[in-house]
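S.K.: Questions regarding the structure given below will be posed in turn.
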Amino acid sequence: MDKFDRIYHLHRLLAGRRTAVPLEELMAELECSKATVYRLISSLQNHLGAPIEYSSELGGYRYVPRADGRAYELPGLWFSAKELQALVVLQRLIADLGPGLLEEHFAPLTRRFNDLLKHKRLHLTEASSRIRVLTLAARPLGRSFHVVASATLQRRKLKLRYHSRSKDERTERIVSPQHLAHYRDNWYLDAWDELRQALRSFSIDRIEAATELDEPAIDVPRQELEEHFASAYGIFAGKANKMAVLRFSRERARWVADERWHPEQSGQFLTDGRYELRIPYRDSRELVMDILRHGPDVEVVAPDSLRNEVVTHLRETLARYVK
């Protein structure tokens, strides 16, 4: 019998009696020591607000009768939306890592996690089948993840052979890993690139070979990392130096007003019901893709360079359909 079972059993014992329950009976029913009974009573009192008292007159423990005559009931062990999402996403991420460097260390955690989901008192047995975690355009993790993760945590430099998607070229780099980032269902390495003498992000699935070097990684100051990676838009890093001004239709405004595109965004409803969103950015590539998915329900007001870029994409797209 585990702690959850004993707490529920203790509650049933106390709630089912009009008189007090002796300590010896609680020990026998709960199959535990005197010290454990005291800890369970303390948990019920301090964490679940149970009105338990010891009555020397009755020779045992009981629930204090309420003035309104209602019996005490245990509160439901509910998970918030964020907690439940975190549990399921954590299970998904651990499963996706598969066998490798961390398998031995994750095995005990995985067993405990599965026990938690299956626990009959928590009613989470349906979580894996009743909660959907949808992925979009997720790419294979690649063969180098474990080497990259090890070097990042051990603070060692990495030698990479990298195949760039944008330029379709292969290069060899020596980098000092700074972060592992899981973004939009894909993994990235944020690192100091000795070839470029700058911070760069590498898609881990495009790393064709990775070797951990016996040389300590260069640690970039945290403030500099935050300015570089957190201020820009999306995965394309760099300190933001432009401000996008987007106006959404009245119909789309109801959705966009509740969305978080950027930590430093600002927005307001206009008098005609439209919604104006201001987003800092540096590299426009990912921002343009997010703008285009809203079709005719969004207009780029500023800057002109971003507006012209969106217009060019729309014209080229239309040209493929109109002959």
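The values are calculated or read from the model by the stated rules, or taken from the named source; none is laboratory data. Just so we're clear, the structure is a prediction, and the values are computed from it rather than from any experiment. For neighbour counting, all protein chains shown are included, and Cβ atoms are generated from backbone atoms with ideal geometry for every residue, glycine included.
S.K.: Do you know which residues across region 235-255 are buried (at least 19 other Cβ atoms within 10 Å of the Cβ) and modelled with pLDDT under 95?
M.R.: The answer is ALA237, ALA240, ALA253.
S.K.: A follow-up question, please. Scanning for something part of a loop (DSSP other than H, G, I, E, B), over 22 Å from SER166 (Cβ atoms), not assigned by TED's automatic domain parsing to the domain that holds ASN186 and not β-branched (Val, Ile, Thr), does region 283-300 turn up at least one residue?
M.R.: Yes.
S.K.: Shifting gears a bit: Tally the residues that are under 25 Å from the mean Cα position of the chain (by Cα) and farther than 18 Å from GLU286 by Cα, restricting the search to region 255-268.
M.R.: Residues meeting the conditions: 5.
S.K.: Within region 182-205, restricting attention to residues that are at pLDDT below 85 and in a strand (DSSP E or B), which residue is nearest to ARG155 (Cα to Cα)?
M.R.: Residue satisfying both the conditions and the ranking: HIS182.
S.K.: Evaluate region 143-157: report whether one residue or more is assigned to a strand (DSSP E or B), over 30 Å from ASN308 (Cβ atoms) and outside the structural domain of ALA302 (by TED's automatic domain parsing).
M.R.: Yes, the conditions are met somewhere in region 143-157.
S.K.: Tally time: how many residues in region 20-35 are surrounded by 14 or more Cβ atoms within 10 Å (Cβ to Cβ) and in contact (Cβ under 8 Å) with a residue 12 or more places away in the chain?
M.R.: 8
S.K.: Would you confirm, using the coordinates I've provided, whether SER176 is farther than 23 Å from GLU264 by Cα and in a strand (DSSP E or B)?
M.R.: Yes.
S.K.: What are the residues in region 158-197 that are in contact with a His (Cβ under 9 Å, 6 or more places away or on another chain), of a type outside the set (Asp, Glu) and closer than 19 Å to PHE229 by Cα, if any?
M.R.: TYR188, LEU189, ALA191
S.K.: Quick check, is ILE235 of a type outside the set (S, T, N, Q) and in a loop (DSSP other than H, G, I, E, B)? Walk me through it before giving the result.
M.R.: Numbers: of a type outside the set (S, T, N, Q): yes; in a loop (DSSP other than H, G, I, E, B): yes.
For ILE235, the condition - of a type outside the set (S, T, N, Q) and in a loop (DSSP other than H, G, I, E, B) - is met.
S.K.: Report yes if TYR38 is modelled with pLDDT of 90 or more, surrounded by 12 or more Cβ atoms within 10 Å (Cβ to Cβ), in a helix (DSSP H, G or I) and of a type in the set (Phe, Trp, Tyr), otherwise no.
M.R.: When the stated conditions are applied, TYR38 passes them.
S.K.: So, in region 137-163, of the ones that are under 15 Å from ASP205 (Cβ atoms) and out of contact with any helix residue (DSSP H, G or I) (no Cβ under 7 Å at 6 or more places or on another chain), which residue ends up surrounded by the most Cβ atoms within 10 Å (Cβ to Cβ)? Please lay out each step first, then the result.
M.R.: First, pick out the residues of region 137-163 that are under 15 Å from ASP205 (Cβ atoms): 137-149, 160-163.
With out of contact with any helix residue (DSSP H, G or I) (no Cβ under 7 Å at 6 or more places or on another chain) added as a condition, the list becomes 137-138, 143, 146-147, 149, 160-161.
Details: ALA137: 7, ALA138: 13, ARG143: 14, HIS146: 18, VAL147: 21, ALA149: 20, LEU160: 26, ARG161: 15.
Top of the filtered list is LEU160.
S.K.: Answer yes or no: is there a residue in region 278-291 that is in contact with a Phe, Trp or Tyr (Cβ under 9 Å, 6 or more places away or on another chain) and hydrophobic (A, V, I, L, M, F, W, C).
M.R.: yes
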